[in-house]
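Taking it in order: structure first as C-alpha cells, then the write-up.
The values are calculated or read from the model by the stated rules, or taken from the named source; none is laboratory data. Computed from a predicted model, the values in this text were never measured in an experiment. Note that each Cβ is placed from the backbone with ideal geometry, even for glycine, and that neighbours are counted across all protein chains shown. Keep in mind that these areas ignore ligands, DNA and RNA; they rest on the heavy atoms of the full protein, side chains included. Shrake-Rupley method; radii C 1.70, N 1.55, O 1.52, S 1.80 Å.
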Amino acid sequence: MKRRSGAGIRRPTGPKRTTANRLRGRRRAGEKSAPRQKRLGQMQRKTQKVMPDLHPYWRAGRLAGSQFRADTDLPDKHASDAWCAHAANLPGLENFETMLLAGKAFMQGYTRSSGQSPEIVPLLLHRTAAAVVSACNEESTLGHVLGQLKRLPLCDIVVVLNGTTDNSLERVLQHSGITLVYEPDRAGHDVGRALGAKMTDAEIVLFVDGDMIVPAEQLAPFLFAIDRGDDVALNDLTSLLPPFAKQDEVSRIKAYLNRTLGRKDLASNSMTAVPHALSRRMIETVKPSSLAVPPKAQMLAIQKGLQVSAPYQVDVIRSNRIRPGNTGHGNDVARLILGDHLEALAACLEMNKHVGRRRPSRTEVAYRRNAR
C-alpha cells in the first residue's frame, strides 16, 4: 500500500525556530535558572569543609624527625613529644578532625626524615590522661587492648583484674608501665572502674573493658572531648538502636532516666557502655565510689551541672562478647542494669522532692487543717 506524500504529517504552526529565537530561548532559560544556580552554589559553600594547609605540619615533622637519634631515642616517645611541643600553642587545632589531620601530616614528615614509623595517634592534650581497664578472663584480647592504649598519650594505664582464672594476669605482666589491681574474687566491671579511678590522679580518665579491642583512633575523641572542657564523654549509640517501639527494656530505661534529668538529647546513651571518659572534676564531685553504679554517677553529674556529651560512636553492640549472663530476655546483666537505673531514679527523686516547693503560710496550714 502506497502512502501519499505528506499524508498524516503534522507541520509545526508556531514561530520558525531561527537562530535568533533559539538564542532568545537560551537567555530566558538562563535567567530563570540563575537564582537556582546561585542557591546551589551557596549551599555547596556552606557544606564544603575548609581543609587546613597541612604543608607546615609536614615540614615541622620532617625537621623533628631529622633530630631523632636511634641510639638514645625511642621512636614513639620522641615523635609524641615532638608533636606536642610543636602544636601546644598553635591556633586552629580546636576541632578534633583538624587536629588529627595536622598530626598525621606531622607524622608523615617525621617518618620521611627519621626512617621510623611511629605507631602513636597524634593526639594533642593539655591535661594528663590515664586509662582504666576492667577485665576478667580476657587472656585472648587483653594484650591487644593494652597495645591500642599504648598508642595514646597516657601517663598511666590501670588494669583491674577481678575473679580471673585464666592467663590474663600473665598477659598484663608482659607489658611494662602498667598499674595492676588484682582482686581474686569476682567484683564486676563497674566496681572495677570505681577501683581504677582511685588508683590514678590523672585529670582525664578513659574507661574500657578488657574484652573489646577498640582502635586507638576511636578512643581519642573521648579524651579530646574531656580535654576541651566536657566532664563526661559518653559513647553515642543512638543510631545503632532500633525505633523506640522495638527497643528492649534496658534501652528504654536509659532514655527514661535521661528524659527525667532534662537531657532528652542524650537518648539512651549511658555510662553503662564503654568506652567513655570522665574529668577529674566529675570523679571528685560525684565521688569514685558512685562509679560502681554508673547510672547514679551520671545522674549526679547532670544534677550538679557538669558538662555531659556523647561526642563519638564506637559500635560495641555487635562486638560485645557473648556470655551466658548477657544473652536472652531478662538475663542477669539486663536485670543488673535495670536495678542500677531504678536506684538512680530513686536517688534523683529523693534529691528533688523539696526542690521548688513553696513553704505554706500559717493561714494556709490552718485552712487545710480545718477543711478535714
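Here are some notes:
- Subset of the stretch 289-298 (residues that are hydrophobic (A, V, I, L, M, F, W, C) and in a helix (DSSP H, G or I)): LEU291, ALA292, ALA297
- Matching strands (runs of 3 or more DSSP E) fully within the stretch 123-200 where at least 2 residues are in contact with an Asp or Glu (Cβ under 8 Å, 6 or more places away or on another chain): 129-135, 156-162
- In this structure, ILE226 does not satisfy being over 20 Å from the mean Cα position of the chain (by Cα), crowded, with 19+ Cβ neighbours inside 10 Å and not in a strand (DSSP E or B).
- For the stretch 181-197, a residue qualifies if it is of a type in the set (Lys, Arg) and surrounded by fewer than 21 Cβ atoms within 10 Å (Cβ to Cβ), and exactly one does: ARG186.
- Residue, farthest from the chain's Cα centre (by Cα), within the stretch 274-288, restricted to residues that are assigned to a loop (DSSP other than H, G, I, E, B) and crowded, with 22+ Cβ neighbours inside 10 Å: VAL274
- Sole exception among (1) over 27 Å from PRO288 (Cβ atoms); (2) open to solvent by 20 Å² or more (accessible area, probe 1.4 Å); (3) free of Cβ contacts under 8 Å to residues at least 60 places away in the same chain; (4) part of a helix (DSSP H, G or I) for ALA105, by number: (2)
- Selection within the stretch 62-80 - under 20 Å from THR98 (Cα atoms), crowded, with 19+ Cβ neighbours inside 10 Å and more than 28 Å from the chain's Cα centre (by Cα): none
- Whichever residue in the stretch 334-362 is modelled with pLDDT under 85 and assigned to a helix (DSSP H, G or I) and, among such residues, is most open to solvent (accessible area, probe 1.4 Å): ARG362
- Residue that is most open to solvent (accessible area, probe 1.4 Å), among those in the stretch 229-254 that are under 20 Å from ARG318 (Cα atoms) and of a type in the set (A, V, I, L, M, F, W, C): PHE244
- Some residue of the stretch 110-122 being under 14 Å from PRO52 (Cβ atoms), touching a residue at least 40 places away in the same chain (Cβ under 8 Å) and open to solvent by 50 Å² or more (accessible area, probe 1.4 Å): no
For (1) at pLDDT below 95; (2) out of contact with any Ser or Thr (no Cβ under 8 Å at 6 or more places or on another chain); (3) over 30 Å from ALA85 (Cα atoms), each residue gets a yes or a no:
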position	(1), (2), (3)
ALA105	no, yes, no
PRO122	no, no, no
VAL132	no, no, no
HIS144	no, yes, no
LYS150	no, yes, no
VAL158	no, no, no
THR165	yes, yes, yes
GLY177	yes, yes, no
ARG186	yes, yes, yes
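- Filtered residues of the stretch 258-270 (kept if assigned to a helix (DSSP H, G or I) and over 20 Å from the mean Cα position of the chain (by Cα)): ARG259, THR260
- Against the conditions (1) among the aliphatic types (A, V, I, L, M); (2) in contact with a His (Cβ under 7 Å, 6 or more places away or on another chain); (3) under 23 Å from GLU343 (Cβ atoms), LEU237 satisfies every one except (2).
- One residue stands out among those in the stretch 207-220 that are of a type outside the set (Val, Ile, Thr), open to solvent by 10 Å² or more (accessible area, probe 1.4 Å) and under 18 Å from the mean Cα position of the chain (by Cα): the one that is nearest to GLN298 (Cα to Cα), which is ASP209.
- When ILE204 is tested against (1) farther than 24 Å from ASP76 by Cα; (2) of a type in the set (Val, Ile, Thr); (3) under 21 Å from the mean Cα position of the chain (by Cα), just one condition goes unmet, and that condition is (1).
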